[in-house]
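Asks: Could you have a look at this structure, given as structure tokens, before my questions?
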Amino acid sequence: MTAISVRGLGKGFTLHLQGGLRLAVLAGVSLDVAAGECVALAGPSGAGKTTLLRALYGTYRADAGAILVRHAGRMVDLAAADARTILAVRARTLGYVSQFLRVVPRVPALAIVAEAAGTDAGAEARARALLLRLAIPAALHRLAPATFSGGEQQRVNLARGFAGAHPILLLDEPTSALDAANRATVVAMVREAKAAGRAIVGIFHDETVRDAVADRVHEMRPLREAA
Amino acid sequence: MLSARGLGFRFGSITALEAVDVDLWPGEVLAVVGESGSGKTTLLHVLAGRLRPDAGQVWYREPDGPRTEVHAMPLPLLRRLHRSDWGFVEQDPRQALRMDVSAGGNVGERLMAAGARHYGRIRAEAARWLAEVEIDVARIDDRPTTFSGGMLQRLQIARTLVTEPRLVFMDEPTGGLDVSVQARLLDLIRTLVRRLGIAVVLVTHDLAVARLLAARIVVMQRGRVVEDGLTDQVLDDPRHPYTQLLVSSVLAT
């Protein structure tokens, strides 16, 4: 079952403060991802991997093409959807783990993850279990992550991203600041997510991690080279 | 729940608003950003029915109710909305608070204006709301003149939210406060707004505040909306030259 279907996606940036310089990053990108499949975006720096991932989340607004995602039983085109539809898709369907945690002052790690885990009675227990699995000790759960190390913040971010149980998960270098033991945990979590039928698109610079989780690699090239 | 079309407003020869459309859904936080003089505060006052626009309309829909044109409402009806279903948080809390009335009185007064009569219950509610905004309940009988700037702003928020409004207008609620005081206030607003499901129109020049609180952003320049979208779309993929200038002018959001 197709979870994501990208067709003819084009995206560029016009830098008005630099004399209207126009940067074309994506042109004619097509990509299909099935439920239960993990696709890794690969290619050199500047190939548009992050741009594509952010376009899939609706953060970067597409200039051309369609980004269809399966949401509540039908395919919704994020490239044409209004703000409320995109929010609804993000709430139920589309999860995103950014490279860095955007820290909210005073909100404890556990609350950040529990908020993503849902509103049911078990949400907090699931959040706690996820944090422990990602080696965030219980003593830290009640603290705001502002003072945590980079690796700890990334693990809180991962716990939040996986807590939502979204059918589609977008991962932007989820293991960049992690040690070997935590990388192995993330690999196991991605595999479990796939087994549970979730579709995953990720950027994994660590090739061992990529080989361990990806079913397919989507190679990207910078547009100037491709042209 | 709130929708405006074609709003125009002029101060003499200066155009403060031109052809502005706004839509707000229940429980949604919408940030209006732009620099001083962009028309954002004028827009807030027009949306709240405090300023009558020269052109265009604002409609408000009550839950399961009819749609009413805000500027065509009889004044008593608009006042009643402002006393309970709507709230307005001023940048300067001294404009909204009665400085010669106790903290508890300031909160209780709005409950009484909304129809509450039982003194014991009003005082208990006032105490509960002081605690919600992290003001020591022992200060309930103190006058706001003895409060710090951050406490005054928290007191104004308690006074506004005590009637559990559906819609709150906020004009630079963290403006003029120290950074550490701002963080506490932002967290408080974020928590309360989410828990109570309040819709907010938030005017701010601070993109970090918009990022933290709002799901959607409208960018204003010289009285016009030049860009709008989800907060991350507008801040991470700004398209209009003015939005790009705003985003590039801050260190980090």
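The values are calculated or read from the model by the stated rules, or taken from the named source; none is laboratory data. Fair warning: this is a prediction, and the values are worked out from it, not measured in the lab. We place every Cβ from the backbone using ideal geometry, glycine too, and count neighbours over all the protein chains shown. Heavy atoms of the whole protein, side chains included, go into the accessibility calculation; ligands, DNA and RNA do not. Shrake-Rupley method; radii C 1.70, N 1.55, O 1.52, S 1.80 Å.
Asks: State whether one or more residues within the range B:219-227 are touching a Leu at 6+ places or on another chain (Cβ under 9 Å) and without any contact (Cβ under 8 Å) to a residue 40 or more places away in the chain.
Replies: no
Asks: Now, a different point. Could you list, in sequence order, all residues of the range B:195-253 that are open to solvent by 50 Å² or more (accessible area, probe 1.4 Å) and in a loop (DSSP other than H, G, I, E, B)?
Replies: B:HIS205, B:ARG222, B:ARG239, B:HIS240, B:SER249, B:VAL250, B:LEU251, B:ALA252
Asks: Also, I was wondering about something else. Go through B:GLY8, B:GLY34, B:GLY87 for me and flag whichever is more than 26 Å from A:LEU87 (Cα to Cα), of a type in the set (Gly, Ala, Ser) and surrounded by 16 or more Cβ atoms within 10 Å (Cβ to Cβ).
Replies: Every option except B:GLY8 fails the conditions.
Asks: Look through A:ALA55, A:ALA64, A:ALA83 and report the one residue that is over 16 Å from A:VAL33 (Cβ atoms), facing chain B (nearest Cβ under 10 Å), of a type outside the set (Val, Ile, Thr) and in contact with a strand residue (DSSP E or B) (Cβ under 6 Å, 6 or more places away or on another chain).
Replies: The unique qualifying residue is A:ALA83.
Asks: Exactly one condition in (1) facing chain A (nearest Cβ under 8 Å); (2) in contact with a Gly (Cβ under 6 Å, 6 or more places away or on another chain) is not met by B:PRO241; state its number.
Replies: Every listed condition holds for B:PRO241 apart from (2).
Asks: When the range A:100-118 is examined, which residues are found to be modelled with pLDDT under 85 and open to solvent by 40 Å² or more (accessible area, probe 1.4 Å)?
Replies: Once the filter is applied, which keeps residues that are modelled with pLDDT under 85 and open to solvent by 40 Å² or more (accessible area, probe 1.4 Å), the range A:100-118 yields A:PHE100, A:ARG102, A:VAL103, A:PRO105, A:ARG106.
Asks: Next question, about the same structure. Run A:ALA27 past the list (1) open to solvent by 40 Å² or more (accessible area, probe 1.4 Å); (2) of a type in the set (A, V, I, L, M, F, W, C); (3) touching a helix residue (DSSP H, G or I) at 6+ places or on another chain (Cβ under 9 Å); (4) within 14 Å of chain B (Cβ to nearest Cβ) and report the number of the one that doesn't hold.
Replies: Only one criterion in (1) open to solvent by 40 Å² or more (accessible area, probe 1.4 Å); (2) of a type in the set (A, V, I, L, M, F, W, C); (3) touching a helix residue (DSSP H, G or I) at 6+ places or on another chain (Cβ under 9 Å); (4) within 14 Å of chain B (Cβ to nearest Cβ) is unmet by A:ALA27, namely (4).
Asks: Here is a further query. How many residues does the range B:158-194 contain that are in a helix (DSSP H, G or I) and not hydroxyl-bearing (Ser, Thr, Tyr)?
Replies: Residues in the range B:158-194 being in a helix (DSSP H, G or I) and not hydroxyl-bearing (Ser, Thr, Tyr): 17 in total.
Asks: Inside the range B:21-73, counting only strands (runs of 3 or more DSSP E) that do not spill past its ends, which hold 3 or more residues that are at pLDDT 95 or above?
Replies: The strands (runs of 3 or more DSSP E) meeting that bar are B:29-33, B:55-61.
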